[in-house]
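Derivation of every value follows stated rules applied to the coordinates shown; laboratory data play no part. Worth saying up front: this structure is predicted, and the values here are computed from it rather than measured. Neighbour counts run over all protein chains shown; Cβ positions are idealised from the backbone, glycine included.
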Amino acid sequence: MTDYKPSSSVTKRNLTMSSHFTDADSMLEDESDYREIYVNSNVTVEHHQHSPPPGGSERRTDGSEVIVLGYHFDRVVLVTHFNIFLYSCAFWIQQAVVPYLSKELGADPVIFGYLQTSFAVVQLAGGPLFGRFGDLFGSRLAMMLAFAASALSYFLLSVSTNLPLLFLSRLPSVFMHAMQGGQMIVTDISSSEKRADAIGKLGISYGIGMVIGPVIGGLLARMFSLDKAAIVACLLSIISILITYICVPVVTKRAIAKDHEQNVFNVRKISQLLMAPGAMFLLCIKLATGVPIGIFQSMFSIVALDTFKLSAEHNSYIMSYIGVMAMLVQGVGIGIVTKKLSELNILFGSACILVVGYLLLSLVTTIWQMCLVFIPLIMGLTFQNVLTTSALTHTVSDSDTGAMLGLSMAVNSFIRSLSPTVGGYMLREFGFKSFGYLGFITSSLVVVVLFVKKQNENH
């Protein structure tokens, strides 16, 4: 898309950096790294590049690559995928039990909506700050911060005996952005052309965790108790802290911003990123397509419990089914489609799919019909999410991709902060079919906007 242009505030160099499926030189951490320094009035950018391995195109033998089933993978990317799996598994373990724990503590659908909103609000505040933190201090430290926040949140959840303590357990999630941290690492390491595919393939690891996590959560809740499930999620997060410290290098970026003002809370810098060419357009598209599904997702556990009378165990099976579909689309579909179609055409096509999916959602009367409707909804939303995220990283320099990913995550967090309260009201006053009507309207508007943009580009 012609709107996605790198920021001109910092000179960029074409540094060859392949994805984890190609012959890649990973980042060297010693002082022999080749460095190119560029300075403008505000920022010094340090580009890191390695000396080529002996023989030029031969694969590295210094341990930066590992071989799994005959395939070569970048070691850091492989570790990142494993960490994302653990993060997803832990998150969905607790996610499967939170609705039942909140109901056990006396929360009605509206209070549950407030709980979900509190989680999203603190994540909204933390997303851009977390990305900025990673740009300044490195992705390894950022990932460790994310897992530490997760562990603390799950521990507080496990000891929650009343609603105030349950709400308190949401506060550490201000830095619970491991998925964003994983995107930051693969963005640093992958080539520009394969960035969308690399980000999408994180969905495989997240999807596996999303499949396994709810099942484990449901089994732990049935065999032991709800608080034991939260303890297991806490332990998985602690394991990820150790793995990240041992296996992820201090520096993964090709370009590190050395701001004269080393300040994570640099509002002016974040505002400048919002004004990057094409950034605001992409963020608006992400917002418009994400609000309806965010509302539906925030209320789905309540719908499953009250409307379809699903038990905690059966609800976890539905979540696992959704995880399998998301994993297939992100892990396989993204790579195939991005090779054949432009970003604009993919965004337009996926918006059309969402129109159909939301219309069908408004007609659902059984849980089996709901499972079928999930197919177009997940396909459309996954393509929208991955493509807008990847395109946003192309609107800024390599030194600022973390903060831009934070802004992208902030849109998701804003949706989640708005969705539970709005969703609780819509569910109580109009029923869950109103979610489908809202999605049909907003997705139709996105289709019109993208169609006009396509026409303008063609002329």
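Here are some notes:
- Between H394 and any residue 5 or more places off or on another chain, the built amide H atoms are never under 5 Å apart.
- For a label point 7 Å along the Cα-to-beta-carbon line of D108, residues of the stretch 147-173 with backbone N under 18 Å: 163-164
- Stretching Y437 away from I239 to a fully extended chain increases their span by 67.0 nm, per 0.36 nm per residue minus the current alpha-carbon distance.
- Model label points for R222 and L78, set 7 angstrom from Cα along the Cα-to-Cβ axis, are 3.6 nm apart.
- Simple Cβ-charge dipole of the stretch 71-458, Lys/Arg +1 and Asp/Glu -1, about Cα centre, in debye nearest 20: 240
- The stretch 130-244 - charge dipole about Cα centre, Lys and Arg +1 at Cβ, Asp and Glu -1, debye rounded to 20: 140
- Fully extending the segment from L445 to S271 would add 60.0 nm, taking 0.36 nm per residue of separation and subtracting the current Cα-Cα distance.
- Residues in the stretch 98-103 carry Karplus couplings, in order, of 4, x, 6, 5, 5, 5 Hz; the curve used is 6.51 cos²θ - 1.76 cosθ + 1.60 with θ = phi - 60°, and Gly or Pro positions show x.
- Cut-off under 5 Å, modelled amide H: who pairs with L310 long-range: L305
- For the residue pairs K201/K454; K194/K340; K194/K269; K201/K340; K103/K228, alpha carbon separations beyond 20 Å are given by K201/K454; K194/K269.
- Where labels lie 7 Å past Cα in the beta-carbon direction, separation of I336 and A125 in nm: 4.4
- Packing order of peptides 87-93, 100-106, 159-165, 193-199, highest average first: 87-93, 193-199, 100-106, 159-165 (average count of other Cβ atoms within 10 Å over each peptide's residues).
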